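A quick write-up on the structure given underneath.
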Amino acid sequence: MSKRVTKPSIRTTAVALAAAGLGASLVAGAGSAFAAEHAAAVTSPVNVTASAAVANQADVQAKVAAQVKAAAVKAQAKTVSAQKSAAWVKPVSSYALSASYNQGGAMWAHKHSGQDFAVPVGTVVKAAADGTVVKAGPNGGGDGPAYGNAIVIKHANGTYSQYAHLSKIQVNAGQKVSAGQQIALSGNTGNSSGPHLHFEIRTTPNYGSAVNPVAFLRTHGVTI
Ligand SMILES: [Zn+2]
């Protein structure tokens, strides 16, 4: 709808057709701006009639365009509210982002599998979405000693979240949790360079299936 015909040669052709009373629909197809610009320049009685028809059609077209636009805005608002109700939240409220996903370094045998949130030991850690705890314990909840005390939660649509290096685990495997519910206190256990929460989004309960957690949260309406 936003494309306008601007070539002078095409405009001239359109004016000629409109003056002959033949081109109303063609002119309207070229956009309403044309009709508004040129209506005043027309002088002969025949042309007045033609230009009135053009103006009328342009007006109708503008109204349709407005309706289409309103519908698009409405649809967009619906999408935004749907994202809100997906109910993913940050695992900690206040933090500094430290090591990021896929970062290389001496701390990790492979690339870094999660996002680190630097927080003081004892910071409240929250479930990132509704789900069921599937792992909770020392030794990374079974994923290995590097993670220290860790939790894995199973969510809808084959998504899992993992929380590691915790000082205190406050849920048990099998327990249902809701988004934002306190599940642990952060810590510095396992292979950790300092107090922080290591957070992963996985496609299975196990190590090795992580995806970029920050990108994931952002696509689910969470500002990180
Ligand atoms: Zn980490």
note = For Ser93, placing the label point 7 angstrom along Cα-to-beta-carbon and taking the range 106-137, residues whose amide nitrogen sits under 19 Å are 117-130
inquiry  = Which residues does the label zone of Ala173 cover in the range 127-141, counting backbone N under 19 Å from a point 7 Å along Cα→Cβ?
reply    = 131-141
request  = Output ³J(HN,Hα) for the range 194-201: one whole-Hz value per residue in order, computed from phi by the Karplus curve 6.51 cos²θ - 1.76 cosθ + 1.60 with θ = phi - 60°, and x for Gly and Pro.
outcome  = x, x, 6, 9, 9, 10, 10, 10
ask   = In percent, what relative contact order does the range 96-219 have, based on Cα pairs under 8 Å that are 6 or more apart in sequence?
value = 29 percent
note = Projected onto the charge dipole of the range 96-219 (unit charges on the beta-carbon of Lys, Arg, Asp and Glu, signs +1, +1, -1, -1), the Cα from His165, Ile151, Ser192 with the largest positive-side position is that of Ile151
request  = Once you have a ≥ b ≥ c as the square roots of the Cα gyration tensor eigenvalues for the range 93-224, tell me rounded if a/c is under 1.5, and otherwise prolate or oblate according to whether a/b is larger than b/c.
outcome  = rounded
ask   = Once amide H atoms are placed 1.01 Å from N in the peptide plane, what residues at a sequence separation of 5 or more from Asp130, or on another chain, have their amide H within under 5 Å of its amide H?
value = Ala179
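No value in this document is a laboratory result; all are computed from the given coordinates. What you see is a predicted model, and the numbers here were worked out from it, not measured in a lab. Virtual Cβ from ideal backbone geometry, glycine too; neighbours counted across all protein chains shown.
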